[in-house]
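> Take this structure, written in structure tokens, and hold onto it; I'll ask about it next.
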Amino acid sequence: MRSRAGGASRLFARGLWVSAELGVTLGVVLLLLVAHQLWWTNREARAEAGSTVRSLQREWDEPVVADGEVGKRSPRPPASGRGADAAPAAPAVSDAPAGADAPAARENAPVRPRSAPRWDQAYAVLRIPRIGLTAPVAEGTSKGGVLDRGYVGHYARTAQAGQAGNFALAGHRNTHGEPFRRIDRLRSGDRITVETRDAVYTYTVGKRLARTAPSDSGVIAPVPRSNITTSVGYSAPGYYLTLTTCTPEFSSRYRLIVWGKLTSMRPR
């Protein structure tokens, strides 16, 4: 009987030891996964995004020799990307609908983009001084090709920067560079710039929507206005910028929205 009881005790102790080892191993694996998501993906994405911004700036500023002239920027399309061509660009500033809210610097000649960027192609640089953000803007909002690389994604079929309508962008709030981590800190009057090969566009923050459903397509409409909280948004045609990200942090349940209006533009 004693031998049988002793064997059961040893078996129970061994089971406890194995369970403890499995628990420790599982805890270590979970810690590694958390470290990968919260630290490593940010490190990798920020490095790639920073490299892309520098590459775009070098390409835009590259002097060429053409027809005996020196110092003109290259007419080549901006940094390479993947996939098929996007839809044709929306009308430029000079083609705005009657009564549209034109930028203050309308006296400057409007700048029409050369062509629609290719899918997943980085083609602009977004800067938000209030939160210290500098990030490349790429066409589309795919995770693998755009957002998970630390880029800000341009919603397909919305206007391009400087054009009449709504230039709508998305970005991660957590992990993978989290470029929009702090956009909840933006306030009315804050400045946002978008630089392309051809021009620099300055938008001024006007309104925010702290929370809405992911299905609220009205926030990126040409005249942005929430389909759910219908009292929030705009009612007249204009030159709008929309920033969208997930909220609350570490969740994708809702969307946080920041809107701005184009207030100036200048050729590069």
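The values are calculated or read from the model by the stated rules, or taken from the named source; none is laboratory data. The structure displayed is predicted, hence computed values, not measured ones. Cβ coordinates were reconstructed from backbone atoms using ideal geometry, including for glycine residues, and neighbour counts include every protein chain displayed.
> Tell me which strands (runs of 3 or more DSSP E) are completely within segment 133-209 and hold 1 or more residues being among the small types (G, A, S) and either closer than 23 Å to T229 by Cα or in contact (Cβ under 8 Å) with a residue 12 or more places away in the chain (or both), or say none if there are none. Let's see the steps before the verdict.
Details: elements: 133-139, 152-154, 165-170, 191-195.
Filter on segment 133-209 gives 133-139, 152-154, 165-170.
> Conditions first: (1) under 22 Å from E139 (Cβ atoms); (2) in contact with a strand residue (DSSP E or B) (Cβ under 6 Å, 6 or more places away or on another chain); (3) outside any helix (DSSP H, G or I). K261 passes all but one, so which condition is the exception?
In the conditions (1) under 22 Å from E139 (Cβ atoms); (2) in contact with a strand residue (DSSP E or B) (Cβ under 6 Å, 6 or more places away or on another chain); (3) outside any helix (DSSP H, G or I), K261 misses (1) alone.
> Taking segment 207-263 only, how many residues are touching a Cys at 6+ places or on another chain (Cβ under 9 Å) and within 19 Å of V152 (Cα to Cα)? Before you say what the answer is, go through the steps one by one.
Filtering segment 207-263 down to residues touching a Cys at 6+ places or on another chain (Cβ under 9 Å) leaves 214, 252-256.
Filter once more, so that each one left must be within 19 Å of V152 (Cα to Cα): 214, 252, 254-256.
Going through segment 207-263 one residue at a time, the tally reaches 5.
> Please state which one of R82, R130 is at pLDDT below 95 and either among the polar types (S, T, N, Q) or surrounded by fewer than 24 Cβ atoms within 10 Å (Cβ to Cβ) (or both). Outline the logic, then answer.
On the way: R130 fails: at pLDDT below 95.
Sole residue among the options that is at pLDDT below 95 and either among the polar types (S, T, N, Q) or surrounded by fewer than 24 Cβ atoms within 10 Å (Cβ to Cβ) (or both): R82.
> Here is a further query. Being hydroxyl-bearing (S, T, Y), at pLDDT 95 or above and surrounded by fewer than 24 Cβ atoms within 10 Å (Cβ to Cβ): is that true of T175 here? I'd like the intermediate steps shown before the answer.
Details: hydroxyl-bearing (S, T, Y): yes; at pLDDT 95 or above: no; surrounded by fewer than 24 Cβ atoms within 10 Å (Cβ to Cβ): yes.
Criteria not met by T175.
> I've got another one for you. Can S251 be described as out of contact with any His (no Cβ under 6 Å at 6 or more places or on another chain), surrounded by fewer than 20 Cβ atoms within 10 Å (Cβ to Cβ), at pLDDT 95 or above and of a type in the set (S, T, Y)? Spell out how you get there, then give the answer.
On the way: out of contact with any His (no Cβ under 6 Å at 6 or more places or on another chain): yes; surrounded by fewer than 20 Cβ atoms within 10 Å (Cβ to Cβ): yes; at pLDDT 95 or above: no; of a type in the set (S, T, Y): yes.
No.
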